[in-house]
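Take a look at the structure set out below.
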Amino acid sequence: MSDNNIYPIYDQMMSREDKEQLLNQRGMMVWFTGLSGSGKSTVAMSVERELHKRGILCRILDGDNIRSGINNNLGFSQEDRMENIRRIAEVGKLFVQTGIVTLACFVSPTEDIREMARQIVGEQDFKEVYVSTPIEECERRDVKGLYARARKGEVKNFTGISAPFEEPKNPTLSIDTSKLSLEESTMKVLEMISSVNTL
């Protein structure tokens with residue numbers, strides 16, 4: 001006798017709608033793109049705290065928790081960068097389908113890479129935030145000295161120096177953290193999220 005005959009009621013996983021009703025929120029992916037040092041993770045962490053205060057379950061994905069775990073076997077070649085983003089998008093999609101507001105913070109330097117992520121997650125669930133802080137400000141903030149090392153040729157394929165960054169053509173939102181305070185940047189992202197979720 002098959003399992004389906006023994007347990008006919010339990011032949012399907014619960015739906016995304018079931019999860020969203022439980023959480024009383026809609027899952028979505030907020031994809032922060034921009035140069036290293038632009039403020040992607042800083043803004044995302046501030047948004048996460050505000051969402052938490054408002055009862056919205058949220059998860060941040062960034063280099064610290066992705067490169068050290070699920071993607072610790074990848075380098076920085078073009079192929080590995082593509083695979084890095086592919087895996088992130090697939091993991092993010094699972095969070096989104098569970099009803100979780102997911103904040104992804106990755107340089108993701110090309111239109112092709114970001115479009116791949118958008119297609120994996122789904123157009124309706126994907127909101128692109130371009131953190132457009134100028135490279136001069138990003139270099140000024142660089143406490144690890146990565147930009148200086150890249151300019152000396154010590155760090156290869158460093159986006160903005162020895163590797164290109166393609167500005168998003170039609171981001172959902174653009175914020176320049178050299179002109180906006182952290183609070184102002186946070187509020188702009190929250191306003192965007194609130195157009196989908198009731199906060």
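The values are calculated or read from the model by the stated rules, or taken from the named source; none is laboratory data. What you see is a predicted model; the values in this text were computed from it and never measured. Neighbour counts are summed over all protein chains in view; Cβ atoms, including those assigned to glycine, are modelled from backbone coordinates with ideal geometry. Keep in mind that these areas ignore ligands, DNA and RNA; they rest on the heavy atoms of the full protein, side chains included. Shrake-Rupley method; radii C 1.70, N 1.55, O 1.52, S 1.80 Å.
What does the charge count near T186 come to, summing +1 for each Lys or Arg and -1 for each Asp or Glu among other residues with Cβ under 11 Å from its Cβ?
Charge balance in the 11 Å sphere: -3.
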Rounded to the nearest 10, the angle in degrees between the Cα long axis of helix 111-121 and the longest principal axis of the Cα atoms of the chain comes to 20 degrees
Taking alpha-carbon centroids only, segment 78-116 lies from segment 137-182 a number of Å equal to 19 Å
Along segment 175-192, Karplus-curve 3J(HN,Hα) (6.51, -1.76, 1.60; θ = phi - 60°) to the nearest Hz, with x for Gly and Pro, reads 9, 10, 6, 7, 10, 9, 6, 4, 5, 5, 4, 4, 5, 5, 5, 4, 4, 5
The answer for the chain, accessible area per residue at 1.4 Å probe in Å², is 56 Å²
With every protein chain kept in place and a 1.4 Å probe, the residues S38, S46, S195 fall, from largest accessible area down, as S195, S46, S38
Taking every C-alpha to C-alpha distance in segment 105-199 and binning by 5 Å from 0, the per-bin percentages run 2, 11, 18, 21, 18, 15, 9, 4, 1, 0
Of I70, I60, I88, the most mobile residue in a GNM of the chain (C-alpha springs, cutoff 10 Å) is I70
Connecting every pair of Cα atoms under 10 Å apart in the chain and solving the GNM, the largest mean-square fluctuation among G99, G153, G27 falls on G153
For segment 51-199, the percent of accessible surface on carbon and sulfur atoms (probe 1.4 angstrom, ligands and nucleic acids excluded) is 49 percent
Among [x] 57, 34, 29; [y] 52, 42, 22; [z] 68, 38, 27, the value of Cα extents along the principal axes in Å computed for this structure carries the label [z]
Expected vector for segment 139-149, Karplus 3J(HN,Hα) from phi with 6.51, -1.76, 1.60 and θ = phi - 60°, integer Hz, x for Gly and Pro, equals 5, 4, 7, 6, 6, 7, x, 5, 5, 4, 5
Of L74, L146, L51, ordered by accessible area with the largest first and a 1.4 Å probe, the sequence is L146, L74, L51
